[in-house]
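Read the structure below first, then the notes.
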């Protein structure tokens, strides 16, 4: 085998896993095309020691540190196909390259599927967000909106008043029952059932079907998510249904998938995600892969 481990995806989780393996002096190949989930955001928050930094700067520093280890190689490409081969795996890329390794770690991330509301996608990561812990504080207690995408959005709406006065736009997607309405009232949430026509303005002003406009400092949305790569599916890994979309099922400690020798970490392997959670999950996965190289004989 050419490498001990191939890591498909070199964002925060993939690099964190790679660092553990590099420090164990294992031969690691990272294949990554630079499409991080948070590339739309100007700053990243809630990650201890990196709070308020640009995502590009955090990732660039991490990559520099990782590549300082002589056993790590980085390929700027996308892993498009993987298959078991002899004592490991063969991975192919968009540019037609083939690499082999004893273990495969999937850190491919996810894709956010936003609701089809005009003006929403253009503001994603700037004034439209999914995580209040990541972006709520910077709204400086200004008016906040929560746009319903499923019943799960109720949880979002109940959280958000800690960051500012909150309006819950149910948009025909979800109708709170009397008990839920009482909870929203107790939290001081204003409920607007009228259809949302579009989002406009410098921030994220909500234009209703009647023509009315509600000015807000930031809008929170829980998008549906899907794993960004088909590798896990084509390999036959088991998926688990989460509240926002399916994710790769893994052992909670080792992060090994249902397919022996294949591991996963980061947003693709969790029901919820953030930079800090991804980095921590990468540590678990990297050490899990390393232990499998020592103590197990598969694949």
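Here are the numbers for this structure:
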{"quantity": "Order of 292, 210, 44 - criterion: other Cβ atoms within 10 Å of each residue's Cβ, fewest first", "calculated": "210, 292, 44"}
{"quantity": "Descending semi-axes in whole angstrom, ellipsoid equivalent of segment 59-123, from the Cα gyration tensor", "calculated": "31, 19, 11"}
{"quantity": "Computed P(r) (all Cα pairs; segment 115-221; 10 Å bins; percent)", "calculated": "16, 54, 29, 2"}
{"quantity": "Radius of gyration, Dmax [segment 254-299; alpha carbons; angstrom]", "calculated": "11.1, 33"}
{"quantity": "Label-point separation in nm, residue 233 to residue 77, each point 7 Å along Cα→Cβ", "calculated": "2.3"}
{"quantity": "DSSP-defined beta bridges in segment 115-221 - what % are antiparallel, rounded to 5", "calculated": "30"}
{"quantity": "Euclidean distance of C-alpha centroids, segment 4-18 and segment 154-210, integer Å", "calculated": "38"}
{"quantity": "Projected label distance in nm at residue 113 and residue 295, using a 7 Å step from Cα toward the beta-carbon", "calculated": "3.9"}
{"quantity": "Spatial extent of segment 9-143: Rg and Dmax, with the Cα atoms as the point set, Å", "calculated": "17.6, 59"}
{"quantity": "Over the chain: helical MRE at 222 nm, DSSP H runs n ≥ 4 each giving -39500 (n - 2.57), nearest 500", "calculated": "-7000 deg cm²/dmol"}
{"quantity": "Separation between Cα centres of segment 216-271 and segment 62-101, rounded to whole Å", "calculated": "20"}
{"quantity": "R0 of 41 Å, Cβ-Cβ distance residue 2-residue 159: FRET efficiency to nearest 0.05", "calculated": "0.30"}
{"quantity": "Cα point-scatterer Debye curve for segment 155-267, base-10 log of I(q)/I(0) at q = 0.11, 0.12 Å⁻¹", "calculated": "-0.57, -0.64"}
{"quantity": "The chain: Cα Rg divided by the 2.2 N^0.38 Å rule of thumb", "calculated": "1.10"}
{"quantity": "Label-point gap, in nm, between residue 97 and residue 122 - each point 7 angstrom along Cα→Cβ", "calculated": "3.8"}
{"quantity": "FRET efficiency, 1/(1 + (r/R0)^6) with R0 22 Å, evaluated for residue 137 and residue 187 via beta carbons", "calculated": "0.75"}
{"quantity": "Protection proxy ranking of 4-13, 45-54, 248-257 - average other beta-carbon atoms within 10 Å, highest first", "calculated": "4-13, 248-257, 45-54"}
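All of the numbers you see were taken from the coordinates with simple rules; none came from a lab. All figures in this text were calculated on a predicted structure; none of them were measured in a lab. Heads up, the Cβs are rebuilt from the backbone with ideal geometry, glycines too, and the neighbour counts pull from every protein chain shown.
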